[in-house]
Amino acid sequence: MAPQLGIVLVFFFWPALQAIEQAFYVEDAFGLSREFAGLANFEAVLSDATYYQALGTTLVFSLAVALGAMSIALLLAVMADRVIRGARVYRTLLVWPYAVAPAVAGVLWLFLFDPTLGLISSLLGNVGIDWDHKLNGAQALALVIMASVWKQMSYNFVFFLAALQALPKSLLEAAAIDRAGPWRRFWTIIFPLLSPTSFFLLVMNSVYAFFETFGTIDTVTSGGPGGATTTLVYKVYQDGFVGQDMGSSAAQSVLLMALVGGLTWFQFRYVERKVQY
Amino acid sequence: MQRAFLLTSLGITLALGSYASSAQANTEITWWHAMGGALGDKVEQIAADFNASQDTYTVKPVFKGNYSETMTSAIAAFRADKGPDIVQIYEVGTATMMGAKGAIVPVYKLMESADVDFDPQAYLPAVTGYYTDPDGNMLSLPFNSSTPVTYYNRKLLEQAGVEEVPRTWQALGDALEKVVDSGAASCGLTTTWPSWVMLENYSAINDVPFASQANGFEGTDARLQFNSTPAVDHIERLTQWQEDGRFAYGGRFDDAAPKFYSGECALMMGSSASYANIKENADFDFGVAPLPYDADVVEKPNNSIIGGASLWVFDGLDDTHQQGVAEFFEYLSSPEVQADWHQYSGYLPITQAAADLTRKQGFYADHPGTDVAIKQITDGEPTENSKGLRLGNMVQIRDVINGELEEIFSGDAGAQEGLDEAVSRGNGLLEKFESAHQ
């Protein structure tokens, strides 16, 4: 047995199985009493209005983060690909945010947008936008999306840039000779040729938006105001780690696992068809 | 590969085992706490002083992150049979810890069975009330308790022609109007810890119930009641004040503090334990005043209630460990240690003797305003409504309340509507707790 497989078993399959088991029990925090509850945990979760609010938030958030991070990264990669002087400096600077921990990224954005002390929020105040993400749910969501996009952009940038540099130059030159402008060359040649990379990044970015943005949300908004930035994974944390409600939290993670699994299956089944290898 | 792995882990286990046995020259008491920064240094110092005062026990404090992280890790460790001897749990976790019969030893029992002096009467009732059972037995040892007070910016109040912070919400409204109308500040008042200050303490001070069954002290079948008391009018008042600038919402936890530091708001209601932080961050002269009471509701205010944390002892310790914990608690409660902790941190002293000692040392005279909190909580006998809160799942309930308050202050819900929603969601959590603890 390959050692990697052992690690996957111990750190993924075993906890996942335990979560599935836990989801069918009601248990006090200390594990002193444990009672089989059947589907009661799932019923409670699925009849909770805040769960659907979190589901809606997660979908909006994930879509915005995946699309935002990928389109900005693609734009930057295309531009960086054309730079000749100082290319390395630009690339290094653009990759930099990836090295920043999610929590630190969150704090940076929090400083910029703090309603009282923030630089950007005071500039926004000058043009008549009253920025207060501590009360305004839409602004809070926009803020965590911006922070998460900024953080993930670099990852996408590296892949897009590598893909761009691997494109056969002869194709592009031939098109240029046939008088295809840069815009046309991009949409008819470059973009389709990038589709394997784009597909890979779509899957990776969805997973990122669902799971890895936890640190950013925790530091920037803690899920507030009024639950406006509580995503599914944040709710699992709130109910399980803060609230000590193991059964509900486990049921939520099982549902989340099914949701992300289904989404990935959907992406492979339907989106991958459009990929040209 | 597998064999190598097994051998390595065996090696690590052996190394750890020998480390543990060599460290146990005398009895080691582990204390998991949530005090970071300067407070953490003080905790280390208290433990070191205790260790130097005798040579039978070594108290070893371990910082485990913030309050909820500390509680979660202690519970997880307990489940794995590797729990600490002492753990610091925040006040909203009290009902959860109490419900864990068989996981904890109540402090009064621990002190009784150990050979130490223990007089429950020496402790301040408003502080220990939060942590005693209906029969008056102390379940955990209060360690860091604070209560909300009003901080004010002297310069801004002077500019506005307000001479002192009024004692009632009604008069405060007029004073804040002067602050805003005179242009001294764009915002009159803000608050940290919204649920704790504006609902939990408002209810206690004005002698109205926050929840039934004496705020949960008399049974786990308690249900929230703040949607049918003057608290609704109070929240409504704040939303009106928000419109003309007399009040501004600044976020959960301590997030509103920058509004006060920057001079945007002239007043801030916050924890008495924030004194040191405010002193460090405010470059203006500030004062401390008691929380106002509602003249339409009571004639004389009750004591306010506390927040902070207390120390719980896990069950299953052997006699030497129990004796060690008891002796450490006795040391921790001594007037000298308490007075020092109180003066250093701004947390309340837990005994009357420590408060008296602090006064005798001249601390209150040298640091005006530091005695407001202690006066406020010792003001009269605590009533059923001002003893504290004993509600299960309170961590989540407070989260629900804060969320609904945000809906109200952002205008998405009316005061009555938002508080109704908070009560119904909160009661769902209480029902869940009740059914899990029968």
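Residue-wise test of (1) under 23 Å from the mean Cα position of the chain (by Cα); (2) small (Gly, Ala, Ser).
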| residue | (1), (2) |
| --- | --- |
| A:Gly118 | no, yes |
| A:Asn126 | no, no |
| A:Leu143 | yes, no |
| A:Met146 | yes, no |
| A:Met153 | yes, no |
| A:Asn156 | yes, no |
| A:Arg184 | no, no |
| A:Ile189 | no, no |
| A:Leu193 | no, no |
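Name the residues in the range A:247-277 that are of a type outside the set (A, V, I, L, M), assigned to a helix (DSSP H, G or I) and surrounded by fewer than 17 Cβ atoms within 10 Å (Cβ to Cβ), would you?
If we filter the range A:247-277 for residues that are of a type outside the set (A, V, I, L, M), which is where we start, we get A:247-249, A:252-253, A:261-262, A:264-270, A:272-274, A:276-277.
This time we only want the ones that are assigned to a helix (DSSP H, G or I), so: A:247-249, A:252-253, A:261-262, A:264-270, A:272-274.
A:Gly261, A:Gly262, A:Thr264, A:Trp265, A:Phe266, A:Gln267, A:Phe268, A:Arg269, A:Tyr270, A:Glu272, A:Arg273, A:Lys274 - these are the residues of the range A:247-277 that are of a type outside the set (A, V, I, L, M), assigned to a helix (DSSP H, G or I) and surrounded by fewer than 17 Cβ atoms within 10 Å (Cβ to Cβ).
Any chance you could count how many residues in the range A:22-63 are assigned to a loop (DSSP other than H, G, I, E, B) and either within 11 Å of chain B (Cβ to nearest Cβ) or of a type in the set (Lys, Arg) (or both)?
9
Can you name every residue in the range B:292-321 that is outside any strand (DSSP E or B), outside the structural domain of B:Trp169 (by TED's automatic domain parsing) and out of contact with any Asp or Glu (no Cβ under 9 Å at 6 or more places or on another chain)?
B:Asp315, B:Asp318, B:Asp319, B:Thr320
Rundown of residues vs (1) among the hydrophobic types (A, V, I, L, M, F, W, C); (2) assigned to a loop (DSSP other than H, G, I, E, B); (3) touching a strand residue (DSSP E or B) at 6+ places or on another chain (Cβ under 7 Å), yes/no style:
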position: B:Pro84; (1), (2), (3): no, yes, yes
position: B:Gly93; (1), (2), (3): no, no, no
position: B:Met97; (1), (2), (3): yes, no, yes
position: B:Met111; (1), (2), (3): yes, no, no
position: B:Thr128; (1), (2), (3): no, no, yes
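Tell me the residue from A:Val26, A:Val45 that is in contact with a strand residue (DSSP E or B) (Cβ under 7 Å, 6 or more places away or on another chain), among the aliphatic types (A, V, I, L, M) and touching a residue at least 12 places away in the same chain (Cβ under 8 Å), please.
A:Val26
From the residues in the range B:238-282 that are crowded, with 20+ Cβ neighbours inside 10 Å and basic (Lys, Arg), which one is farthest from A:Leu135 (Cα to Cα)?
B:Arg246
Identify all residues within the range B:50-81 that are more than 21 Å from B:Ala103 (Cα to Cα), part of a helix (DSSP H, G or I), touching a strand residue (DSSP E or B) at 6+ places or on another chain (Cβ under 7 Å) and in contact (Cβ under 8 Å) with a residue 24 or more places away in the chain; write none if there are none.
Correct list: B:Phe50 only.
Give the range B:397-433 a look and list any residue that's part of a loop (DSSP other than H, G, I, E, B) and either within 11 Å of chain A (Cβ to nearest Cβ) or on the phi > 0 side of the Ramachandran plot (or both), or say none.
Hits for the range B:397-433 are B:Ser410, B:Gly411, B:Asp412, B:Ala413.
From the residues in the range B:82-104 that are touching a residue at least 60 places away in the same chain (Cβ under 8 Å) and more than 28 Å from B:Glu200 (Cβ to Cβ), which one is nearest to the other protein chains (Cβ to nearest Cβ)?
Per the criteria, the residue is B:Gly102.
Show me the helices (runs of 4 or more DSSP H) entirely contained within the range A:111-220 in which 2 or more residues are within 14 Å of chain B (Cβ to nearest Cβ) and under 30 Å from B:Ser262 (Cα atoms).
A:119-126, A:137-165, A:214-220
State whether one or more residues within the range A:3-13 are within 14 Å of chain B (Cβ to nearest Cβ), under 24 Å from A:Gly240 (Cα atoms) and of a type in the set (A, V, I, L, M).
The answer is yes; a qualifying residue exists.
Which of (1) facing chain A (nearest Cβ under 9 Å); (2) among the hydrophobic types (A, V, I, L, M, F, W, C); (3) within 23 Å of the chain's Cα centre (by Cα) does B:Ala436 not meet, given it meets every other one?
For B:Ala436, the failing item is (3).
Matching residues to (1) of a type outside the set (D, E, K, R); (2) part of a helix (DSSP H, G or I); (3) assigned by TED's automatic domain parsing to the domain that holds B:Val400:
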| site | (1), (2), (3) |
| --- | --- |
| B:Met198 | yes, yes, yes |
| B:Asn201 | yes, yes, yes |
| B:Asp207 | no, no, yes |
| B:Gly219 | yes, no, yes |
| B:Ala222 | yes, no, yes |
| B:His234 | yes, yes, yes |
| B:Thr239 | yes, yes, yes |
| B:Gly245 | yes, no, yes |
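The values are calculated or read from the model by the stated rules, or taken from the named source; none is laboratory data. Note that the coordinates shown come from a computational prediction; the quantities given were computed from them, not determined experimentally. Cβ: placed from backbone, ideal geometry, glycine included. Neighbour counts: every protein chain shown.
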